[in-house]
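Heads up: the structure comes next, in structure tokens.
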Amino acid sequence: MICLSSFVACQDVIDVDLNEAEERLVVEAALIKLKEFSGENQRIRLTKTRGFFEDSLTIVENADVTVTSDSGEVFTFEHDSAGFYSTDQFQSNLMEKYYLKIEVDGEIYTAEETFMPVAPIDSVSQRNNAGFSGEDTELKAFYKDPAGEENYYLFTFFVNFVDFPTTEIYDDEFTDGNTIFALYLEEELEVGDEVLISNFGLSRQFYEYMNVLLSQVGSVGGPFQTQPAVVRGNIVNETNPENFPYGYFSLTESDQFLYTIEE
């Protein structure tokens, strides 16, 4: 006789009560003018924060978005798709102040920022067998800091085999008026790889914002991943200050240098 025994396992369903944070507006408003280009085409994106188990973005399509220059010129950003608001008539005057205004869902959001210039990238040098391991390729992007003024910079180094560029910020507190460099180290670079190097001019408040942001997530892995703590930008809710948005309104000039890795 063969005896068959059945074993029944009991499973308890545990419901995890996740605190759902209040839905907030997310503003991606980085207006960038490349040197030698007009900067007339600009885009701003509006979305909403999403719940822990939500995969898709909640896009904002019903907002009124304008940017006004200090001289009184108003630029209207029209919604085109996926929460993007754009204009092809923006006039970027360096060192002029601009004012962002967003009206959505009965609330008004505002921010102000100065359009900052940037020092051009003059040259790039390469050194092999660098870094602690001796297996990294080292690039130095040289630029001449203007003398007698406060300057703040954000450099990005991007290659096509990474998801996010390496991001570094610099100030000229101890290098005013000198030729200095941004440093990049990467072990996986091979001969023929192209590295897109970008330099952005920052205002002091944007530099301080990025300094906090990068100190939380690190310079590698993308400065726009989820942060362990809320980093407040310069955009305020004039109607309901407690319902503050996420994001930052910035205006920067940028210079780019495409470097090809050599032997």
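Throughout, read-outs are computed from the coordinates displayed, never taken from laboratory work. Everything numeric in this text was worked out from a predicted model, so none of it was measured. Positions of Cβ are backbone-derived with ideal geometry, glycine not excepted, and every protein chain shown enters the neighbour counts.
Could you count how many Lys pairs in the chain have their Cα atoms under 22 Å apart, skipping same-chain pairs fewer than 8 positions apart? Close lysine pairs found across the chain: 7.
Take the convex hull of the alpha carbons in region 30-111; its mean projected area over all directions comes to 6.5 nm². For region 63-182, the share of DSSP beta bridges that are antiparallel, to the nearest 5, is 100%.
Extension gain, S38 to T239: 0.36 nm times the residue separation minus the Cα-Cα distance gives 68.9 nm.
So for the chain, what are the equivalent ellipsoid semi-axes in whole Å, largest first, each being the square root of 5 times an eigenvalue of the Cα gyration tensor?
Ellipsoid half-lengths, sorted descending, are 38, 32, 16 Å.
Within region 173-210, list the residues whose amide N lies under 11 Å from a label point set 7 Å along Cα→Cβ of N160. Of the residues in region 173-210, 193-195 have backbone N under 11 Å from the label point off N160. Restricting the calculation to Cα atoms, region 66-135 yields a radius of gyration followed by a Dmax of 20.0, 58 Å.
Could you work out how much longer the chain between F132 and E173 gets when fully extended? Use 0.36 nm per residue separation minus the Cα distance between them, nm to one decimal.
Numbers: separation 41, 0.36 × 41 = 14.76 nm, distance 2.76 nm.
In short, 12.0 nm is gained.
Sort E78, E253 so the one with the fewest other Cβ atoms within 10 Å of its own Cβ comes first. It would help to have the intermediate numbers written out before the result.
Working: E78 11, E253 22.
So the residues, fewest neighbours to most, are E78, E253.
Panel note: the C-alpha atoms of region 146-217, placed on their principal axes, show extents of 40, 28, 16 Å (largest first).
More than 21 angstrom separation, counting every C-alpha pair in region 117-263; what % is that? Could the numbers behind the result be given before it?
Values: 5348 of 10731 pairs.
Pairs farther apart than 21 Å: 50 percent.
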